[in-house]
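Working notes, structure below.
The values are calculated or read from the model by the stated rules, or taken from the named source; none is laboratory data. Fair warning: this is a prediction, and the values are worked out from it, not measured in the lab. Cβ placement follows ideal geometry from the backbone for every residue including glycine, while neighbour counts extend to all protein chains displayed.
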Amino acid sequence: MLLFSFFIFISGVVLMCGRSMHLVTIFLGMEFSALGVFSVVGSLSAYNSLFVLLVIICISVSEAAIMLSLMVMMTRMYGNDRCMNLMTDKS
């Protein structure tokens, strides 16, 4: 289980760094990384740190909400979610 958790984390990092044309792929990679961290902490200390697991899940959910609101705001402002639009100014 621990090896699978590390594989999930590493695939999230590779997805986030390798395929970074759209915000959706970056956010998906970040969610895979958060899931990998949650799985590693859950498998290393199954009964000792349920509070830590709850905190990690809460942080992951708030991260997803912030990313979704950023993506909606960017889509409304620029018309798409490509990362190269973050560098341009449309004011």
Going through (1) assigned to a helix (DSSP H, G or I); (2) modelled with pLDDT under 85 one by one, Asp89 fails only at (1)
Result of the Cβ filter at 9 Å on the range 48-75, keeping first residues that are over 17 Å from Met30 (Cβ atoms) and partners that are modelled with pLDDT under 85 and not in a helix (DSSP H, G or I), at least 6 apart or interchain, is Val52/Ser45; Leu53/Ser45; Thr75/Asp81
Given the conditions (1) over 15 Å from Glu63 (Cβ atoms); (2) surrounded by 14 or more Cβ atoms within 10 Å (Cβ to Cβ); (3) aromatic (Phe, Trp, Tyr), every one holds for Phe27 apart from (1)
